[in-house]
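Heads up, the thing below is written out as C-alpha cells.
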Amino acid sequence: MLKTILRRGWLLVGAIAVLFLAGADWPRFRGSEGSGVAPDSRPPAEWSDKENLTWKTPLPGAGASSPIVVGDRIFVTCYSGYGLSEDEPGNIEDLKLHVVCVSLADGKILWDKAVQAKQPEQAYRSYVTNHGYASASPASDGQAVYVSFGRSGVYAYKLSGEEMWQADIGTETHDWGSAVAPILFDNLVIVNACVESGAVVAMDKTSGKEAWRFTGLKESWSTPLLVSLPGGRHDLVVSSRGQVFGLDPATGKKRWECRGVQQYVCPSVVAHGDVVFVTAGIKTHTLAIRAGGEGDVSASRILWESKDGSKVGTPLYHNGHLYWVDHAGIAFCLNAETGKTVYKERLQVRARRDKVYASPVLADGKLYVVTREDGVVVLAAEPELKELARNRLDDKSIFNATPAIVGNQLLLRSDRFLYCIGK
C-alpha cells in the first residue's frame with residue numbers, strides 16, 4: 001500500500017515537473033505579448049553541437065521567420081524550389097511556401113503543408129536575397145495557426161494541419177520582400193499589408209472574410225502591436241513611413257496619429273504600459289509616444305526622440321531600458337524614460353554583409369542576440385555592456401530569425417535547421 005502511494009506521489013511530482021518545464025506558450029513573434037521576454041524561463045547561456053543541444057531537425061527549406069510554440073508543437077515557415085542561390089536561383093515558377101509543424105519533445109516533423117507561390121512574385125535579387133520568401137512569423141490562438149505569405153495570401157490551418165481558409169491581402173511586391181507577422185485580436189487576424197496593398201487588413205478568424213481595411217500606409221515592414229490601456233481600451237499601433245497610427249482593432253477606425261520615422265520602417269512597435277516606442281530608418285530615429293490619444297498627437301504626446309535607433313531588429317524593454325543590437329553589430333542601451341543613450345558599443349561580429357537581423361529575447365536576466373553568421377551572443381540585461389557568452393554551431397547557413405523561448409528551452413532556426421537548446 002505504501003509503495004503504491006509513493007509511486008503515485010512520484011508520478012504526480014513528475015507530471016508537475018513536466019508542466020513546469022513546458023512553460024508558457026510562445027504563440028507569436030516575440031512571445032505572447034510581443035515583448036520578447038520569457039520571465040520564468042532559464043535556458044542555458046552556453047551550448048555547442050555537443051553540449052546542451054536537445055535536438056536538431058533539418059527543415060524543408062530556408063526562411064527568416066521565427067518559430068512559435070503552442071503546447072507541445074512548434075510552427076515555422078519555410079520556402080523551397082527557388083531562391084537557392086544568387087548565382088543560380090532556379091525557376092521562380094517552382095517557388096513553394098511551407099508551414100511546418102514540429103514536435104517540441106523530439107524535433108520530429110509532424111506535418112508540412114506547402115502551397116505554390118502566386119506569380120508574379122518578386123525575383124530573387126537585391127535585398128530579397130538577404131531573407132527570402134518566408135520571413136513573416138506565424139501566430140496562433142491555440143486553436144489554429146495563421147501565416148502570411150505576402151502576395152500569396154494569408155492562410156489559416158488547424159493545429160492538426162488541415163487548411164481552413166486562404167485570403168488575399170493584395171498583389172504588389174517590393175525589392176525588399178515582405179515580412180510582417182499576423183496579430184490576433186478577439187475574432188480577427190490582422191496583417192500589415194503595406195507592401196501588398198498599402199493597408200492594414202483584418203480578417204475573420206473562422207472564415208477569412210475581410211472585416212475591415214485601413215489604407216494610407218507607406219514603406220512599412222513593421223509588425224503592429226496591441227497596447228492595453230485603462231478602461232479596457234486597446235490601441236493597435238502601426239508604424240509607417242513618416243506616421244504612427246493608433247487604430248481601434250475591432251473596426252480599423254483611426255483614433256490618433258503622430259509623426260514617425262522617415263523611411264525603411266522594419267522594427268516592430270514596442271510598448272511599456274501606455275508608452276510606445278517606434279524606431280527605424282537608414283538614418284535611424286527613435287520616438288517615445290504616449291498612446292491613448294485622439295486626433296493628431298504629434299505636439300502633445302511625443303515624450304522624447306533620439307537619433308539612435310535600429311534599422312532591422314526590434315528593441316526590447318527591460319527594467320526601464322531599451323536594448324538592441326543593430327544590423328552593424330552595435331549594441332545599444334537607452335534609458336526608456338528620457339531617451340538618453342546609456343551605452344553604444346560595437347560587438348566583435350564576423351559577417352559578409354549585415355551582421356544582425358534578429359531581435360533580442362530575454363530570459364533569466366540575459367539577452368540572447370542571434371547574429372547572421374557568427375553565433376548567438378549572450379549579454380547581461382543591465383545598463384552596462386557585458387558579454388557573457390558566444391555560442392556557435394556547425395551550421396554555415398544564415399541565421400536571421402528571432403528565437404523562441406519555452407520553459408527552459410531556446411529554439412533557434414537557420415536556413416537549414418531548427419534547433420532546441422536546453423539542459
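What follows draws every value from the coordinates through simple rules; no lab data is involved. Since the model is a prediction, treat every value here as computed from it, not as a measurement. A quick note on method: Cβ atoms are made from the backbone with ideal geometry, for glycine too, and the neighbour counts reach across all protein chains shown.
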**OP:** Work out the FRET efficiency for residue 213 and residue 51 from their Cβ-Cβ distance, taking R0 = 35 Å, and round it to the nearest 0.05.
**Re:** 0.10
**OP:** Calculate the spin-label point distance for residue 186 paired with residue 340, positioning each point 7 Å from the Cα along the beta-carbon direction, and give it in nanometres.
**Re:** 4.3
Subject >> Förster radius 25 Å - calculated FRET efficiency between residue 233 and residue 206 (Cβ-Cβ, nearest 0.05) >> reply: 0.50
Original post:
What residues qualify as long-range amide H neighbours of residue 255, i.e. H under 5 Å apart, gap of 5 or more or another chain, H built at 1.01 Å from N?
Top reply: 246, 247, 248
Original post:
If you add up the charges near residue 101, with Lys and Arg at +1 and Asp and Glu at -1, over every other residue whose beta carbon is less than 12 angstrom from its beta carbon, what do you get?
Top reply: +1
Original post:
What 222 nm value per residue comes from the helices of the chain, counting each DSSP H run with n ≥ 4 as -39,500 (n - 2.57) and dividing by all residues, nearest 500 deg cm²/dmol?
Top reply: -2000 deg cm²/dmol
Original post:
Each label point is 7 Å from the Cα along the Cα-to-Cβ direction; what then is the distance between the points at residue 300 and residue 272, in nm?
Top reply: 2.5
Original post:
In Å, the Kirkwood hydrodynamic radius of segment 22-421 over pairs of distinct alpha carbons?
Top reply: 20.8
Original post:
Can you flag which of 218/340; 50/344; 118/253; 96/423; 56/366 are past 26 Å Cα-Cα?
Top reply: 218/340; 50/344; 118/253; 96/423
**OP:** Using only the alpha carbons of segment 369-419, determine the length spanned along each of the three principal axes and report them from longest to shortest in whole angstroms.
**Re:** 34, 25, 15
Original post:
For the chain, what's the relative contact order in percent, using C-alpha pairs closer than 8 Å and at least 6 residues apart?
Top reply: 16
**OP:** Search the structure for amide H atoms under 5 Å from the amide H of residue 193, placed 1.01 Å from N in the peptide plane, and list their residues when 5 or more places away or on another chain.
**Re:** 199, 200, 201
